[in-house]
Amino acid sequence: MGVDNPFFHRGAIRHVEDFVGREAELTQMLGLLRNGQSISLIGPRRIGKSSLLLHIGNASVRAPFQLDPPHSLFVLLDCQELAGSPPEEVYELLLDGLLDAAAQADLTVDTAEQPGTYRALDRALQQIYQQGSSVVVLLDEFELLAANQHLTPYFFARLRGLTTKYGLAYLTASQRPLFAITAEETVLSSPFFNIFVTMPLGLFTEAEAHELFRQRLERTGQILPPELIAYLIELVGLHPFFLHIAGYHAIQAINSGEIDVSLNQVTEADFQVLDGPIEVEAESHLGYLWQNLSPEDQHVLAIADGPTESLRQLEQQCLLQRVDNTYLYSSEILRRFVRRQDVPGLIQAGPFVIDEQRHQVWGNSRELSLTTSQFSILVRLCRHVGQVVRGEDLEMAVWGDVLVDDPDRLKTLIKRLRRAVDPFGNWIISERGVGYALRPPEE
């Protein structure tokens, strides 16, 4: 990444001045923590959980809620370091973080107890509590700690006990809910897992997406025309990670001369310059998300329809979003990615997804109502997308080998099919004297 490119997406955002959005979530979280309430932050990979924990760990961010030192000490642990650790190592890291925070707040803590013990941690918390300070422990990648087989229900019960004795609160961040990430049922039964309020972290609002571009560009003097920003948001949706990817490649294209914005104007050709590199970089992340879906959820995502519980889970993973009681893909790049996947039982071609067994058709996530004859024609065209299907083959698909002296019957059926799949009827292209093809309409 060049130093003149204000967009970055290779790790968590660590500086307050670089953080954008999440005002509603921050207000709610800090209000709960001020009252001693523990929080379980749930969100999919790269939605910004680590960035949010780092941001909330900054004293200036917490100051309006009187959660800055010495009122409150925040201790952040990355549980990736603790995935296989015994309890003693966890206690020691907690104590080290606590002592560092206390020192920065000019609090006096006697460390006579042997480190690496629960007693040492308890003793330090007691001294801090007596000096009028509260403590919040931030646990990033918490699923790795919860699934640590060295940690028993007794260990987690002790962590819970600290909330009762000293008003300590926990803020955990994980991709899945707490009940889904523990190593054993006995661990889940610990009272520790009953103290949390669950908070989902999802997509940006549209206003936050625009604010991201405004803030990033403001400090560099770079310019992106409004039409280009609108296109990028339409392409990648409201996922902060993808917005950074989109902004990064837009700036790179401008700096390399591939796109000229000197007149503050862009063309369709400029948009096409960006599609390739953005999709290529997004591919690995989308592939990870896809591979971690069950076959049933892959099927539901492909048709953007199905059982309510599955739709809601996909919404929580920021793959679908609900708009006017209809579930839509969260981005155009996701829709394109899903269309390239092989989903058993489905035919995917152009804007159409066909479940041949259930006799259902969707056009860009909207279910279409077709007659049996119309369905047969569309299936044949979609099976040979981009190729011309001879009229005789289409007639055979509908009427078999029954001979009918009516040269216009296929034309009539095609005309009705185009109306039935509106606004995608222009995908059905007539090749005079040969047959029909399913392919993108000419601009």
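The values are calculated or read from the model by the stated rules, or taken from the named source; none is laboratory data. This structure is a prediction, so every number in the text was calculated from the model and none was measured. Counting neighbours? That spans all protein chains shown, and the Cβs are built from the backbone with ideal geometry, glycine included. Only protein heavy atoms, including side chains, enter the accessible area calculation; ligands, DNA and RNA are left aside. Shrake-Rupley method; radii C 1.70, N 1.55, O 1.52, S 1.80 Å.
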Using θ = phi - 60° and Karplus 6.51 cos²θ - 1.76 cosθ + 1.60, couplings along the stretch 204-219 (whole Hz; Gly, Pro as x): 5, 7, 4, 5, 5, 4, 5, 5, 4, 5, 4, 5, 5, 6, 4, 7
Surface share of carbon and sulfur [accessible, 1.4 angstrom probe, percent] for the stretch 193-285: 54 percent
Protein-only accessible surface order, largest first, of 416, 358 at 1.4 Å: 358, 416
By average C-beta atoms within 10 angstrom, highest first, the peptides 373-381, 294-302: 373-381, 294-302
Net length gained if the chain between residue 339 and residue 81 were fully extended (0.36 nm per residue, minus Cα distance): 89.1 nm
Apportionment of accessible area to carbon and sulfur, the stretch 296-379, percent (1.4 Å): 40 percent
Counted charge near residue 263, where neighbours are those whose Cβ lies closer than 15 Å (Asp, Glu -1; Lys, Arg +1): -3
Inter-centroid distance (Cα atoms) of the stretch 237-257 relative to the stretch 271-344, Å: 20 Å
Spacing of the two label points (7 Å from each Cα toward its C-beta) at residue 176 and residue 371, in nm: 4.9 nm
1.4 Å probe accessible area per residue over the chain, in Å²: 49 Å²
Net charge contributed by nearby residues that have their C-beta within less than 11 Å of residue 69 (K/R +1, D/E -1): -1
Amide H within-cut-off set for residue 41, under 5 Å, with H built and near neighbours excluded: 172, 173, 174, 199
FRET E, pair residue 230, residue 399, Förster distance 30 Å, beta-carbon r, rounded to 0.05: 0.05
For the stretch 36-88: rounded, prolate or oblate by the Cα gyration tensor [a/c cutoff 1.5]: oblate
Within straight-line cross-link reach of residue 49, lysines at Cα separation under 21 Å, skipping those fewer than 8 residues along the same chain: none
Theoretical FRET efficiency, 1/(1+(r/R0)^6), r = Cβ-Cβ of residue 415 and residue 356, R0 30 Å, to 0.05: 0.80
Gain in span if fully extended, residue 8 to residue 280, counting 0.36 nm per residue against the direct Cα distance: 96.3 nm
Between helix 118-130 and the chain: long-axis angle, C-alpha atoms, 0 to 90°, nearest 10: 80 degrees
By average C-beta atoms within 10 angstrom, highest first, the peptides 327-339, 196-208, 94-106: 327-339, 94-106, 196-208
Amide H within-cut-off set for residue 71, under 5 Å, with H built and near neighbours excluded: none
Relative contact order of the stretch 211-342, pairs being alpha-carbon contacts under 8 Å that are 6 or more residues apart, as %: 24 percent
Acute angle (nearest 10 degrees) that the helix 268-291 long axis makes with the longest principal axis of the chain, alpha-carbon atoms: 60 degrees
Integer Hz, Karplus 6.51/-1.76/1.60 couplings in order for the stretch 50-56, x for Gly and Pro: 5, 4, 5, 5, 5, 5, 5
Percent carbon-and-sulfur accessible area, the stretch 53-104, ignoring ligands, DNA and RNA, probe 1.4 Å: 49 percent
Helix axis angle, 87-104 relative to the chain longest principal axis, alpha carbon, degrees: 70 degrees
Euclidean distance between Cα centres, the stretch 69-112 to the stretch 203-234, Å: 38 Å
Long-range amide H partners of residue 113 with built H, under 5 Å: none
